[in-house]
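Heads up: the structure comes next, in structure tokens.
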Amino acid sequence: MLEKNLNKLQDKKLKALLGGGESRIAKQHQKGKLTARERVHFLMDEGSFEEIGMLVTHRTTDFGMEKQIFLGDGVVTGYGTVDGRLIYVFAQDFTVFGGSLSETHAEKICKIMDLAMQNGAPVIGLNDSGGARIQEGVRSLGGYADIFLRNTLASGVVPQISAIMGPCAGGAVYSPAITDFILMVQDTSYMFVTGPNVVKTVTNEEVSSEELGGASAHSTKSGVTHVTAANDMDCINKIKQLISYMPQNCEEKTKRLPYEIGEEYREQLSDIIPDSSNQPYEMKEVIEGIVDEASFFEIHPDYAENIVVGFARLAGRSIGIVANQPMNMAGVLDVNSSKKAARFVRFCDCFNIPLLVLVDVPGFLPGTDQEWNAIITNGAKLLYAFSEATVPRITLITRKAYGGAYDVMNSKHIGADMNFAWPSAEIAVMGAKGASEIIFRKEIKEAANPEEKLKEKEAEYADKFAHPYRAAARGFIDEVILPKDSRRKLIKAFAMLENKVAKLPKKKHGNMPL
Ligand code: HXC
């Protein structure tokens with residue numbers, strides 16, 4: 001039977017049914033978008049893709065739908081390899097009923113997800129859909145919920161990546177939202193729970209789809225998207241790059257790339273910290289100086305820029321990096337940066353990716369805006385994420401590590417395995433000036449020259465605390481290292497931690513402060 005059907009596909013008329021027809025395909029191209037099949041073709045290793053459910057059709061008979069049959073029902077599903085690794089994929093086909101999700105369309109996606117879970121391989125979803133198939137009503141909504149359930153059950157079992165390559169609206173957004181990473185294509189994709197028309201009716205706001213939920217809105221304002229791409233091909237290349245840092249599933253480690261240890265000193269790291277501790281510097285230069293050449297892949301580059309997160313390789317090992325960014329708001333921790341980093345830490349912990357944390361943090365951002373937007377709860381997310389992580393965790397304090405932020409940023413006390421500091425590190429409750437103004441207030445006020453006195457006390461405090469040696473004397477810092485020696489030390493420390501085993505207390509699951 002199948003053989004017969006496949007032979008029939010040689011028939012040109014039937015072939016055209018694999019997609020919504022030539023004019024619709026041309027329309028897709030005119031918009032600057034590839035078709036679902038083209039996307040899958042470019043994503044997978046050549047010749048490796050095997051389609052599943054190509055002959056599936058919808059079962060709707062309302063509104064004359066029985067006369068509109070397209071093979072595959074608006075989604076291409078299957079498996080293949082990306083750089084030789086097994087990957088499951090679904091790609092919604094906008095040329096068929098606007099890529100809308102019917103009961104059968106959902107069943108095809110669910111089948112792929114079940115296979116991915118059972119066989120321990122990542123799922124990549126290429127989304128391009130007008131949402132629930134309007135002709136099907138509640139059966140379509142049920143289909144969405146079936147997918148949401150699987151997204152949730154698969155979370156932490158296999159990596160899930162969502163690319164938004166067209167519309168993604170209404171409840172449909174919640175499938176990508178549950179997955180690990182969202183990529184959006186600039187200008188041709190958008191995501192929102194309610195579109196511009198509903199927004200206008202309810203709030204009287206005039207806003208375009210692009211402004212409301214385009215790639216730039218979600219990469220800068222909401223943080224919903226982790227990576228933006230210039231076009232479909234760029235998006236596909238970025239998915240391939242992203243997945244290269246991840247293992248197949250939570251039982252495995254990312255495959256190490258071949259690397260031969262050589263001369264690992266990096267002189268350029270010696271000149272990065274400015275003379276004045278209030279002057280900013282580019283933390284990404286520190287990252288680039290430490291990791292393997294051109295291996296840093298930044299996540300959320302345009303959102304909460306006061307913290308930098310991303311993947312890299314160190315002597316061929318995949319690692320996750322969390323780093324305060326002195327160039328943006330002095331690297332202070334706030335609501336958004338805490339959420340951004342916490343989510344990243346949890347991803348790395350799910351999939352056995354060791355963490356490197358670079359610290360230069362003056363504390364938490366003060367103010368009503370932060371307090372009323374729950375910096376308490378949100379800061380606690382990062383604290384919780386680090387405390388719970390059992391992957392190898394290494395911290396390097398480059399400069400400031402003040403107050404509660406010192407504890408939060410992967411301190412020894414919350415379970416970091418190795419804590420290094422540069423000689424420029426300042427580990428204290430707060431900066432020398434603020435501290436002196438509080439503890440020497442009376443002495444300063446009564447002095448003949450209060451300004452002079454403040455300076456004198458500031459110097460006294462700095463002398464006592466603006467260095468890493470007190471923390472090192474207590475064992476909170478394992479070693480004070482020269483900047484140029486950081487890469488060598490970190491390579492050795494991560495190799496030493498390679499087989500780390502750590503268990504959490506037995507529980508159903510924790511109750512993290514969401
Ligand atoms: C059935 C749909 C469809 C849908 C689009 N089409 N969306 N068919 N169900 N949801 C069809 C169109 O009728 C059209 O068919 C073809 O797909 C292409 O659509 P166009 O409108 O011509 O394309 P474009 O101008 O690019 O506009 C794209 C669009 C628009 C913005 C997505 O189609 C649109 O607004 N669609 C409806 C979106 C929507 O309201 N969806 C339901 C949301 S609620 P022809 O034959 O004319 O080419 C939802 C709930 C999910 O999704 C709940 C989960 C819990």
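Only a single item in (1) at pLDDT below 90; (2) within 38 Å of the chain's Cα centre (by Cα); (3) not in a loop (DSSP other than H, G, I, E, B) is not met by ARG39, and it is number (1). Checking LYS500, LYS492 one by one, the residue that is part of a loop (DSSP other than H, G, I, E, B) and at pLDDT 95 or above is LYS500 and no other. Screening the stretch 184-271 for helices (runs of 4 or more DSSP H) wholly inside it with 3 or more residues that are surrounded by 21 or more Cβ atoms within 10 Å (Cβ to Cβ) and in contact with a strand residue (DSSP E or B) (Cβ under 8 Å, 6 or more places away or on another chain) returns the ranges 232-243. If you filter the stretch 479-514 down to residues that are in contact with a helix residue (DSSP H, G or I) (Cβ under 8 Å, 6 or more places away or on another chain) and of a type in the set (D, E, K, R), you find that the one that is surrounded by the most Cβ atoms within 10 Å (Cβ to Cβ) is ARG487.
Under the condition of being within 8 Å of the ligand (Cβ to nearest atom) and among the β-branched types (Val, Ile, Thr), the residues counted in the stretch 131-143 number 1. Candidates ASP128, ASP83, ASP146, ASP114: the one that is within 12 Å of the ligand (Cβ to nearest atom), among the charged types (D, E, K, R) and surrounded by fewer than 24 Cβ atoms within 10 Å (Cβ to Cβ) is ASP146. Among residues of the stretch 79-105 that are touching a residue at least 24 places away in the same chain (Cβ under 8 Å) and on the phi > 0 side of the Ramachandran plot, those with a beta-carbon under 7 Å from a residue that is in a strand (DSSP E or B) and within 16 Å of the ligand (Cβ to nearest atom) at least six positions away or on a different chain give the pairs GLY99/GLN92. Scanning the stretch 1-36 for residues that are modelled with pLDDT under 90 and of a type in the set (A, V, I, L, M, F, W, C) yields a total of 8. Considering only residues in the stretch 53-68 that are surrounded by fewer than 16 Cβ atoms within 10 Å (Cβ to Cβ) and over 12 Å from THR104 (Cα atoms), the one that is nearest to the chain's Cα centre (by Cα) turns out to be GLN68.
Summed over the stretch 149-178, residues that are away from the ligand (no atom under 12 Å from the Cβ), surrounded by 19 or more Cβ atoms within 10 Å (Cβ to Cβ) and part of a loop (DSSP other than H, G, I, E, B) total 3.
Being touching a helix residue (DSSP H, G or I) at 6+ places or on another chain (Cβ under 9 Å), within 15 Å of MET409 (Cα to Cα) and without any contact (Cβ under 8 Å) to a residue 60 or more places away in the chain is true of LEU355.
The values are calculated or read from the model by the stated rules, or taken from the named source; none is laboratory data. Because the structure is predicted, anything quoted here is derived from the model rather than measured. In this analysis, Cβ positions are derived from the backbone assuming ideal geometry, glycine residues included, and neighbour counts consider all displayed protein chains.
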